[in-house]
Amino acid sequence: MRVRCGSLTVLLLALLTCAPPPEGASSQATPRAQTGAARPSPSPRAAPETFSVGVMYWATPRPVLCKDWYVVLGGTVVETHREEAPELARQHFAAGTLKVERVFMSLPTEREAAPEGFAYFKSEGFDGLRRGDKVIVFVNEYDGGYGLVEAAGSNSKLGIKVRSWDEPIVEAVAAMTRDAQAAKLPGDRQEALKDPRHAEAWRPFNGRRAVGEGCRQ
């Protein structure tokens, strides 16, 4: 039987195309070129920053207006718990966490700066507070870092407990802290207290002291 040369060529080409690859050769197909711009990989979501401060239990409690202010924040209690420290004279502490809703002012100390955009605040001093309570916290400076002196004459050791962020005291704190440097020291706040509305708002949280009364060191 005769086989035409052209037919034989086609048959050989078909056999070569269908033949399996030699042993050891990659059977993976050549990748196609991407069309269009490549999609960027999604960035992992960063964990929320937490600002933690220790309460200075050995320091004499002071009225809020008589404390140095470095960080003033407002938040809602999300949890409270008891902590024990057998090695200390005061062995039981009420600690907790606030979800930060407002930062009125934030100044660095010599060695520390509050985390930028922090979402939670942790400390002791949550005595008498429960989940859902709203508190304005006044953080002080201690030994080049941050510390928290208990507030005297107020309704919370952390600072001021409020029912809502619409209360007059919240507006008074916001007005007083618009200039953070001017709000840091007690003597520099007297000008803001000349506003009778703000003086009246502070009165319930200043103990038995007159709002305009100077602070004894």
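The values are calculated or read from the model by the stated rules, or taken from the named source; none is laboratory data. None of the values given here were measured: they were computed from a predicted structure. When we count neighbours, we look across all protein chains shown, and the Cβ atoms used for this are built from the backbone with ideal geometry, even at glycine. Heads up: the accessible areas ignore ligands, DNA and RNA and are worked out on the full protein's heavy atoms, side chains in. Shrake-Rupley method; radii C 1.70, N 1.55, O 1.52, S 1.80 Å.
Take the residues in segment 109-161 that are under 15 Å from the mean Cα position of the chain (by Cα) and open to solvent by 40 Å² or more (accessible area, probe 1.4 Å), then tell me which one is farthest from Gly75 (Cα to Cα). My answer is Glu112. Test each condition in (1) at pLDDT 95 or above; (2) open to solvent by less than 60 Å² (accessible area, probe 1.4 Å); (3) not aliphatic (A, V, I, L, M) for Glu101 and report the one that comes out false. Only one criterion is unmet by Glu101, namely (2). Within segment 119-151, the set of residues being at pLDDT below 95 and of a type in the set (Phe, Trp, Tyr) comprises just one member, Tyr142.
Filtered by the rule that a residue be crowded, with 16+ Cβ neighbours inside 10 Å and in a helix (DSSP H, G or I), segment 184-215 gives Pro186, Arg189, Ala192, Leu193, His198, Ala199, Ala201, Trp202, Phe205. The criterion of being under 27 Å from Leu193 (Cβ atoms), at pLDDT below 95 and part of a loop (DSSP other than H, G, I, E, B) does not hold for Thr35. Residue count for segment 162-183 satisfying the condition of being basic (Lys, Arg) and surrounded by 20 or more Cβ atoms within 10 Å (Cβ to Cβ): 0.
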